[in-house]
Amino acid sequence: MSRSAPDLAEVLSGQPAPIRQICCIGAGYVGGPTMAVIADHCPAIQVTVVDLNEARIAAWNDPDLSRLPVYEPGLDAVVGRCRGRNLHFTTAVEAAIASADMVFLSVNTPTKTRGIGAGQASDLRWIEASARQVAACAQGHTIVVEKSTLPVRTAETVKAILTAAQGAGGQTTFAVLSNPEFLAEGTAINDLEHPDRVLIGGEDPEAIDALAAIYGHWVPAERILRTNLWSSELSKLTANAFLAQRISSINAIGALCEATGADVREVARAIGSDSRIGSKFLAAGPGFGGSCFQKDILNLVYLCGHYGLQEVANYWQQVVELNSWQQHRIANLVVRSLFGTVTGKRLAVLGFAFKGDTNDTRESPAIRICLDLIEEGAHLAIYDPKVSSAQIAADLGQAEADQGQDQPQPGQGEGRWQLARSAGEAARGADAVLILTEWREFRQLDWAALAPSMRQPAWLFDGRAIADTAAARSAGLNVWTVGEG
Ligand code: NAD
Ligand code: UGA
């Protein structure tokens, strides 16, 4: 039975029975950390995270907390406190749904790669499959919460699937809520602990109250916003579009800074001091990566086109175009600076994750930049503190080259890549170092030690503007910093 019978105190209080069992479908970057934080703050609720991916569930259950499938600062401590107490990871999807009062849908919603809307629209097959699983397995009254980022009006589809399963005698009933997640990777635990806002969209006040009560364990009431379903779904896409638009805007101005002698950091500080503009999300770089910005804007573009708003679609499309341009632009200027050719040259790539403090490489700017350089025949030595060789091979669509082949052979051969175990190893014998992810250790590189091991004349291309460029220059390196004229 899903919702357990209310006890006497609850009946007398007139309040709806509180949630006691949560199931979350999808043990990914959102489902795992979000449920861990809910379990941590709500010890009276049993939280079960389910996934079809057995390896992922096994990793969530790994006794060694350093091997959780998602790397997030602070996550290991939260999982360590709750796992086995009121936080469970399992592939037993049906049983977890059957005993849940509330089911979160936190499955992947990537961009469609074929068929109608390919390249823009969200692929909703996983959300539909999980809604069907809930329809088939739920018992009693179940609140279904959209946690995935979804096109506006997806709740209609979810409701249609659930309604078809609703028992004629009312034994199985559902309420559908939208509760998009705003955490950023690398700061997920802090974002979940101290959210700027929690957004709950829905039509059923009891269901909204039940979800608000869960967040109410640690989120101040004034930060829990209630809207209708469609506003909630659209707010998530809009938030990501606005954030990504700021990055494309500052990267566009960064290119102009490079051309004119201005410095994008000074410009960012000057404009960011205007409280109407604000200082956050104005760091120029190699363009935004991550699993969501591009996919969510493309989704917005598709929706605008669907509703006949072509000019609006074109406006948002340009944010994505500028982002790709920035990545190709950086690869091009590396080639041009190195005398117009990188064929056979060793280039040290520092950072492969799409941002610091995560092992996630989805849509990482490093992928496009590395592919461009490999296409030009470069020999890349890639170092990232958290990304594996297997992941890089998958992202570049090319296996790692033999470690024996690491001597520069100017003018011949195909481009290739190898993994380096440290920044120093990557830089040894390289013509250039490219910083593509803002890992803390790259801020503290000892250029006086690194530069002599490189082939001269050598370059530093600081795509994140984090290196001690004065030290790099005095160690004899040529330096390019993104956005610096
Ligand atoms: P993910 O790919 O890391 O995880 C999704 C998981 O769902 C996978 O492990 C997959 O095996 C599982 N899954 C899919 N269908 C299933 C089914 N029918 N039954 C059981 N398991 C199933 O994705 P993610 O990064 O966690 O993102 C999930 C959603 O949250 C997406 O819509 C994304 O846009 C959104 N989101 C992501 C972030 C982020 O930082 N990654 C932040 C906010 C919102
Ligand atoms: C982003 C949003 O910040 C989250 O609110 C949202 O929940 C999430 O997407 C999502 O829906 O998936 P995330 O992609 O994890 O979070 O990380 P961000 O910190 O937003 O960074 C995204 C990309 O922009 C990274 O490649 C980062 O390096 C880049 N960035 C960020 C910049 O180039 N400059 C900046 O000033 C900020």
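The values are calculated or read from the model by the stated rules, or taken from the named source; none is laboratory data. Quick caveat: nothing in here was measured; it's all calculated off a predicted structure. Backbone-built Cβ (ideal geometry, glycine too); neighbour counts: all protein chains shown. All accessible areas refer to the heavy atoms of the entire protein, side chains included, with ligands and DNA or RNA removed. Shrake-Rupley method; radii C 1.70, N 1.55, O 1.52, S 1.80 Å.
Worth pointing out:
- Proximal lysines to Lys355, defined as alpha-carbon separation beneath 16 angstrom and excluding residues fewer than eight positions away on the same chain: Lys280, Lys386
- With all pairs of separate Cα atoms included, the stretch 8-227 yields a Kirkwood hydrodynamic radius of 17.8 Å.
- Value of D in µm² per second that Stokes-Einstein yields for the stretch 323-481, Kirkwood Rh from Cα pairs, at 25 °C (0.890 mPa s): 162 µm²/s
- The largest-to-smallest principal axis extents of the Cα set in the chain are 79, 50, 43 Å.
- Magnitude of the charge dipole, the stretch 323-481, Cβ model with Lys/Arg +1 and Asp/Glu -1, debye to 20: 340 debye
- Peptides 389-402, 67-80, ordered by how many other C-beta atoms sit within 10 Å of their residues on average, highest first, read 67-80, 389-402.
- Counted residue by residue at 0.36 nm each, then reduced by the alpha carbon distance between them, the extension gain from His306 to Glu400 reaches 29.6 nm.
- Point-to-point label distance, Gln166-Ala221, nm (Cα→Cβ direction, 7 Å offset): 3.0 nm
- Taking the DSSP bridge list for the chain and keeping only pairs wholly inside it, about 10 percent are antiparallel.
- Solvent-accessible heavy-atom area per residue, rounded to whole Å², over the chain at 1.4 Å: 43 Å²
- Reach of Lys147 by Cα under 12 Å, taken over aspartates and glutamates that are not fewer than 8 positions away in the same chain: Glu181, Glu233
- Put simply, when 453-465, 137-149, 303-315 are sorted by average Cβ atoms within 10 angstrom per residue, most first, you get 137-149, 453-465, 303-315.
- Point-charge dipole on Cβ atoms (K/R +1, D/E -1) for the chain, about Cα centre, debye to 20: 340 debye
- Here's the picture: a label point sits 7 Å out from the Cα of Asn332 along the beta-carbon direction, and within the stretch 353-373 the residues with their amide nitrogen under 17 Å of it are 368-373.
- Ignoring lysines fewer than eight residues from Lys112 along the same chain, the ones with Cα atoms less than 18 angstrom from its Cα are Lys295.
- The angle between the Cα long axis of helix 205-215 and the main principal axis of the chain comes to about 50°, on a 0 to 90 degree scale.
- Estimated D of the stretch 14-98 in µm² per second, where Rh is the Kirkwood radius over Cα pairs and Stokes-Einstein applies at 25 °C, 0.890 mPa s: 191 µm²/s
- When the alpha carbon gyration tensor of the stretch 172-213 is reduced to an equivalent ellipsoid, its three semi-axes come out at 25, 10, 8 angstrom, largest first.
- Residue among Gln327, Thr361, Ala259 farthest towards the positive dipole end of the chain, charges placed on Cβ: Ala259
- Full-stretch length increase - Ser453, Ser388 - with 0.36 nm per residue and alpha-carbon distance subtracted: 20.9 nm
- Rg and Dmax of the stretch 195-317, Cα atoms only, in Å: 18.2, 59
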